[in-house]
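One structure is given below, encoded as structure tokens.
What follows draws every value from the coordinates through simple rules; no lab data is involved. The structure displayed is predicted, hence computed values, not measured ones. Note that each Cβ is placed from the backbone with ideal geometry, even for glycine, and that neighbours are counted across all protein chains shown.
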């Protein structure tokens, strides 16, 4: 029996991965509700075998767009319920904004409900970049409260690592829990060449540990004068970044690029580093695996599910420039080690993180929610 799934994702979508929905359509059918600012995406009514409904997102009016999307999803559910159309399962991208929508939509449709937890919402590091603003303090209280309310009403919960929702253990007791990596499309990520370049991709500055990486690189840059550090990411206020780089001649900021350009950057680096203080998984780590790059990551949260220390990468403690500098020094000094770790990562990527494995894991999880919850 083919199950009918309603997927709710916040957007705003800048592009549509048609292959993903084509592949998912081999296992189930259903509809997608999302937002976009792109007129071509807004005009879509189907993507592969999935109905596609998209609300317009207004970039400078986020609260208005969120309220509009909430009503958009509820009206969709009411219309489908009145038309006698049945959905088996409602899946949301997160347990907060779309999670709240999902609770109501699932109730309207008489369907099971399974939010995904694709981030960390209770870690103090998540809020470091906001400073001491009142809005940040409110979020630190409000977001866990909303998350607890949503998870308590879920039939199943999809995680990225085992301890991801430990603060809500009492609320999720008896729920169907699935733990497996999120979908990462790696078909365009391949080894290009090896430049003597350490690459970091991401933002924001403090949560991702960019300050720690810059400090670590400075410690060993004189020993390895032929290596440089590229910081690729969106930093609308570059004050902290510029202060940390301090004009170092071999550290530079690469402004953000569109995703189709990413394979060239990742595929040509010599070492990839993700020095986060908090990280649910790190999709970019999987993309670096597909490019057979040696990776260094911090031993926090979900990163150890993507890097096996000394096997396909190196793990270091968070907020430890000395340990990160030592790991960089090891890889810069040892081309054979870089090659071994990179090839081990590529091999693992082709099995554990393959798209086929992802869809099998996803459908096994959906089946458990529908039969065991």
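Suppose R0 equals 25 Å; then what is the FRET efficiency for residue 149 and residue 82 from their Cβ-Cβ distance, rounded to the nearest 0.05?
About 0.40, to the nearest 0.05.
Measure nothing but the geometry: give the 0 to 90° angle between the long axis through the Cα atoms of 62-82 and the longest principal axis through the Cα atoms of the chain, rounded to 10°.
40
What angle do you read, to the nearest 10 degrees and between 0 and 90, between the alpha-carbon axis of helix 210-220 and the longest principal axis of the chain?
With both axes taken from Cα atoms, the answer is about 20 degrees.
How far apart, in nanometres, would the label points at residue 141 and residue 368 be if each is projected 7 angstrom from Cα along the Cα-to-Cβ direction?
For the pair residue 141/residue 368, the computed spacing is 3.6 nm.
For the range 283-366, go through all pairs of different Cα atoms, get the mean of 1/r, take its inverse, and jot down that Kirkwood value in Å.
13.4
Which of rounded, prolate or oblate describes the range 193-312 when judged by the alpha-carbon gyration tensor and an a/c cut-off of 1.5?
It is rounded, given that a/c, with a ≥ b ≥ c, falls under 1.5.
Sort 27, 93 so that the residue with the fewest other Cβ atoms within 10 Å of its own Cβ comes first and the one with the most comes last.
So the residues, fewest neighbours to most, are 27, 93.
What share of Cα pairs, in percent, lie more than 39 angstrom apart in the chain?
Value for the chain (Cα pairs over 39 Å): 19 percent.
Along each of its three principal axes, how wide is the spread of alpha-carbon positions in the range 74-121, in whole angstrom units, largest first?
The principal-axis extents, from largest down, are 38, 18, 11 Å.
Give me the percent relative contact order of the chain, please, defined on Cα pairs under 8 angstrom at least 6 residues apart.
That works out to 13 percent.
Go through 36-49, 150-163 and give me the packing order, highest mean Cβ count within 10 Å leading.
Most protected by this proxy first, the peptides run 150-163, 36-49.
For the range 181-226, rounded, prolate or oblate, judged on the Cα gyration tensor with a ≥ b ≥ c (square roots of eigenvalues), a/c < 1.5 rounded, else prolate if a/b > b/c?
oblate
When you count, for each residue, the other Cβ atoms within 10 Å and take the mean per peptide, how do 223-230, 292-299 rank with the highest first?
Order by mean packing, descending: 292-299, 223-230.
Using only Cα atoms, find the angle between the long axis of helix 355-372 and the longest principal axis of the chain, and express it within 0 to 90 degrees, rounded to the nearest 10.
Helix 355-372 sits at roughly 40 degrees to that axis.
Give the order of 94, 222, 301 when sorted by the count of other beta carbons within 10 angstrom, beginning with the fewest.
By the 10 Å Cβ count, ascending: 222, 94, 301.
Would you list 360, 231 from fewest to most Cβ contacts within 10 Å?
360, 231
Multiplying the sequence separation of residue 299 and residue 71 by 0.36 nm and subtracting their Cα-Cα distance, what value in nm do you get?
Additional length available on full extension: 78.0 nm.
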